[in-house]
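**Q** Dumping the structure here so I can ask a few things about it.
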Amino acid sequence: MTNFSQVDGLRGIVMRGPSIIESASFYEKLWGLELSHSEDGTVFFRSTNSEPITYGLVNHPIFGIEYIHFSTKDRSSMDILFTQLVAKNCTIISKPAEFNDFAGGYGFEILDPDMRRLRFRTDSLKLPEKKKWGHPHKVSHIVLNTPDMDGLQKFFTSILDFRVSDYSGDQMVFLRCNNDHHSIALVKSHYPSINHVAFELSTIDEFMHSIGRMKQAGHNPSWGPGRHGPGDNPFAYFVSPPGFVVEFTTELQKINEKTHQPKIWSRTDPASMDLWMTAGPPTTSQRTAMQGRPDPGFLNLTNV
Ligand SMILES: [Fe+2]
């Protein structure tokens, strides 16, 4: 594991929206997650790894991201990260402290330039890992739409010390905090919103089986299956009942820090966009779903 960033991984993401927890059975029965905790108006799901909050749903009048959840190696890394962020004039929501929720542990929260809440947590509850063939192992990556791609890229690379893995034309940048090709990617857009959240299957057989499970239940992929150029990962996208785009993926490229050079992938060459040339370009409705609904962000919620 490389240690160019104090952030060593992506734990998951929690989404909010009107009556959103009514869609819990989609994630549990079809998507392959498992309920890890629920309380008034909130449900959390686990995947097969030890993370207790792989995905979450919170009832709220406005659709969007409740928080994106990252890890650090330990408490001292957390403290170093916090000191760095204060020195870089980052907007702090909360200082390092014990979390008093069911997952526990230690960490803090900040805002990114689009007013998204980012939570950093270490030393938290670890669930026993599960061997459940054909079920997501973890959240692979989160893709964010932003009206200021350059500014948000700078935030992730200069403030959080992520590295650029690749670009897709001048529309998209892929960012890593460990040897996964990307944990976060950014898309140039008109307003901040969620583009999609990808869940990793351990093998290509499990990836295909997961697509099959969805199809048998009447949910065809809205895009895919195919294989992306940047990241070299197979993909299949679906639109979940709350309207959020979710992706099954596997075999994401592992970066060799000694040899990797970011490159700009073509957005016009079909074989570059879709290595197997099975998926074709996304449809208009797929692009609309990935554009998402404007997210006012954490501290703006009371002003809308
Ligand atoms: Fe993706």
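The values are calculated or read from the model by the stated rules, or taken from the named source; none is laboratory data. Please read all numbers here as calculations on a predicted model, not as lab measurements. As a convention, Cβ positions derive from the backbone with ideal geometry for all residues, glycine included, and neighbour counts pool all protein chains shown.
**Q** Which of the residues belonging to the range 281-303 are free of Cβ contacts under 8 Å to residues at least 12 places away in the same chain and touching an Asp or Glu at 6+ places or on another chain (Cβ under 9 Å)? Write out each step before concluding.
**A** Taking the range 281-303 and keeping what is free of Cβ contacts under 8 Å to residues at least 12 places away in the same chain, we get 281, 284, 287-288, 302-303.
P281 - this is the single residue of the range 281-303 that is free of Cβ contacts under 8 Å to residues at least 12 places away in the same chain and touching an Asp or Glu at 6+ places or on another chain (Cβ under 9 Å).
**Q** Also, quick follow-up: For the range 122-135, state whether one or more residues are away from the ligand (no atom under 16 Å from the Cβ), in contact (Cβ under 8 Å) with a residue 40 or more places away in the chain, over 26 Å from T250 (Cα atoms) and among the charged types (D, E, K, R).
**A** Yes - at least one qualifying residue is present in the range 122-135.
**Q** Turning to a different aspect of this structure: Answer with yes or no whether Q153 is under 21 Å from T83 (Cα atoms) and either more than 16 Å from the ligand (Cβ to nearest atom) or not hydrophobic (A, V, I, L, M, F, W, C) (or both).
**A** Details: under 21 Å from T83 (Cα atoms): yes; either more than 16 Å from the ligand (Cβ to nearest atom) or not hydrophobic (A, V, I, L, M, F, W, C) (or both): yes.
So Q153 passes the test.
**Q** Quickly run through the range 40-54 and pick out the residues that are at pLDDT 95 or above and either assigned to a loop (DSSP other than H, G, I, E, B) or out of contact with any strand residue (DSSP E or B) (no Cβ under 6 Å at 6 or more places or on another chain) (or both).
**A** Going residue by residue through the range 40-54, those that are at pLDDT 95 or above are 41-54.
Within the range 40-54, G41, S47, T48, N49, S50, E51, P52, I53, T54 meet the criteria.
**Q** Of all residues being crowded, with 20+ Cβ neighbours inside 10 Å and aromatic (F, W, Y) in the range 187-211, which is farthest from the ligand (Cβ to nearest atom)? Just the residue, please.
**A** Looking at the filtered set, the residue picked out is F207.
**Q** Do the conditions hold for L57, that is, is it among the aliphatic types (A, V, I, L, M) and buried (at least 20 other Cβ atoms within 10 Å of the Cβ)? If you could, list the steps in order and put the result at the bottom.
**A** Details: among the aliphatic types (A, V, I, L, M): yes; buried (at least 20 other Cβ atoms within 10 Å of the Cβ): yes.
For L57, the condition - among the aliphatic types (A, V, I, L, M) and buried (at least 20 other Cβ atoms within 10 Å of the Cβ) - is met.
**Q** Which one of I159, I184 is within 14 Å of the ligand (Cβ to nearest atom), under 29 Å from G297 (Cα atoms) and either touching a His at 6+ places or on another chain (Cβ under 9 Å) or touching a residue at least 12 places away in the same chain (Cβ under 8 Å) (or both)? Lay out the reasoning, then the answer.
**A** Working: I159 fails: within 14 Å of the ligand (Cβ to nearest atom).
One residue alone meets the criteria, I184.
**Q** Could you check the range 69-105 and list, in sequence order, the residues that are part of a loop (DSSP other than H, G, I, E, B) and touching a residue at least 40 places away in the same chain (Cβ under 8 Å)? Before you say what the answer is, go through the steps one by one.
**A** Quick first cut of the range 69-105, residues part of a loop (DSSP other than H, G, I, E, B) only: 73-74, 88-90, 99-105.
K73, D74, K88, C90, F102, A103, listed by residue number.
**Q** Which members of the range 72-91 meet the condition of being within 23 Å of G151 (Cα to Cα) and crowded, with 16+ Cβ neighbours inside 10 Å?
**A** Just the residues of the range 72-91 that are within 23 Å of G151 (Cα to Cα), to begin with: 81-91.
Passing the criteria: L81, F82, L85, C90.
**Q** Every residue in the range 206-262 that is in a helix (DSSP H, G or I) and closer than 27 Å to S193 by Cα, please.
**A** In the first step, residues of the range 206-262 are kept if they are in a helix (DSSP H, G or I); the result is 206-216.
The answer is F207, S210, I211, M214.
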